[in-house]
Amino acid sequence: MDILFLEAPFTGEVSLLPKSIKFLKDKHVKTVGLYASVQFCNNLDKVKKKLQELNIEMISSQPDRTHVSNQLLGCDNYHNSLNLPSKEQSKIEYYLYIGDGKFHPLALVYGQKDNSELKEIICNDPIGQHFQVLDYTFVKKILQKYRASLLKFLNAKEIGVLVTIKPGQEQFRPALFLEKKYPHKTFHYFIDNVISFDQLENFPFIQLWVNTACPRVGFDDQENFQKGVINLNDALMAEEILSKESILNQL
């Protein structure tokens, strides 16, 4: 079956809300990382112009798997997926997200789990005219469980690897690197179109799950995994992640 993806750009006005402007002024912000969901990427001129008027430098990039600058994908919650050089990242004081909901901006929070200090995300919603700042408190409980799962993974012997056959998410071949990295563990591969959380308890011998589908499953769905779950990329770097100075290890 042929699939055609069409963008649906927001046709309303996209600008900085008064509360967003007040926050930027009150905090004396000099540099922001500007990102938006795809509906708003073609209509950021007023936002950029206002930031210039406020003498605020804008830093952005074209993240992985996107086709325009400033576009943010909620599924990519690894900081290097932004394709933002370290020098540019260090200059950013706050991230400014243009769009609705929390799914996309939370990706920016999760993506900083390896950093020693979290940069907050200013959420400017042009649709609901809503302002919010996402910080560490929004994900603290989830990251605590995630760190516990990383520690459990290193000690576990029987690992369940969840693989989806959905196009764009299927990661079976990359998952096989787990066997090379951890030859003393046994990996069991579970392949399906969707992850059925209610079926996981049918395999009591599994000590921990590794998710190879959308990376957000490893974070947003922590409560659905009684044995714990981590994402594939983190499983391949578990020891490195737990040994470095980061927000995750300050819990």
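The values are calculated or read from the model by the stated rules, or taken from the named source; none is laboratory data. The shown structure was predicted, so the numbers you read here are calculated from the model rather than taken from an experiment. Cβ sites come from the backbone with ideal geometry, for glycine too, and all protein chains shown count toward neighbours.
Can you tell me which residues in region 194-208 are touching a helix residue (DSSP H, G or I) at 6+ places or on another chain (Cβ under 8 Å), at pLDDT 95 or above and of a type outside the set (V, I, T)?
Of everything in region 194-208, those that are touching a helix residue (DSSP H, G or I) at 6+ places or on another chain (Cβ under 8 Å), at pLDDT 95 or above and of a type outside the set (V, I, T) turn out to be Q207, L208.
Within region 104-116, does at least one residue satisfy the condition of being surrounded by fewer than 22 Cβ atoms within 10 Å (Cβ to Cβ) and among the basic types (K, R)?
no
Among the residues of region 218-235, is any within 18 Å of K102 (Cβ to Cβ) and among the hydrophobic types (A, V, I, L, M, F, W, C)?
There is at least one residue in region 218-235 that is within 18 Å of K102 (Cβ to Cβ) and among the hydrophobic types (A, V, I, L, M, F, W, C).
Of all residues in region 1-37, how many are out of contact with any strand residue (DSSP E or B) (no Cβ under 7 Å at 6 or more places or on another chain), surrounded by fewer than 20 Cβ atoms within 10 Å (Cβ to Cβ) and within 27 Å of H67 (Cβ to Cβ)?
Residues that pass the stated criteria total 14.
Restricting to region 59-75, name every residue that is aliphatic (A, V, I, L, M) and surrounded by 14 or more Cβ atoms within 10 Å (Cβ to Cβ).
I59, L72, L73 - these are the residues of region 59-75 that are aliphatic (A, V, I, L, M) and surrounded by 14 or more Cβ atoms within 10 Å (Cβ to Cβ).
I'm trying to understand the selection: among the residues of region 76-87, which are loosely packed, with under 15 Cβ neighbours inside 10 Å and of a type in the set (D, E, K, R)?
Of everything in region 76-87, just one residue is loosely packed, with under 15 Cβ neighbours inside 10 Å and of a type in the set (D, E, K, R), namely K87.
On the given criteria, is G111 small (G, A, S), modelled with pLDDT under 90 and on the phi < 0 side of the Ramachandran plot?
Criteria met by G111.
Do you know which of the residues in region 140-180 that are in contact with a strand residue (DSSP E or B) (Cβ under 6 Å, 6 or more places away or on another chain) and part of a strand (DSSP E or B) is farthest from D2 (Cα to Cα)?
E158
Residues of region 179-231 being among the small types (G, A, S) and surrounded by fewer than 17 Cβ atoms within 10 Å (Cβ to Cβ), which ones?
Within region 179-231, S196 is the sole residue that qualifies.
Scan (1) assigned by TED's automatic domain parsing to the domain that holds G228; (2) over 30 Å from F177 (Cβ atoms); (3) not hydroxyl-bearing (S, T, Y) for the single condition L162 breaks and write down its number.
Going through the list (1) assigned by TED's automatic domain parsing to the domain that holds G228; (2) over 30 Å from F177 (Cβ atoms); (3) not hydroxyl-bearing (S, T, Y), L162 breaks only (2).
I'm trying to understand the selection: among the residues of region 128-146, which are surrounded by 20 or more Cβ atoms within 10 Å (Cβ to Cβ) and over 30 Å from F23 (Cα atoms)?
Correct list: Y146 only.
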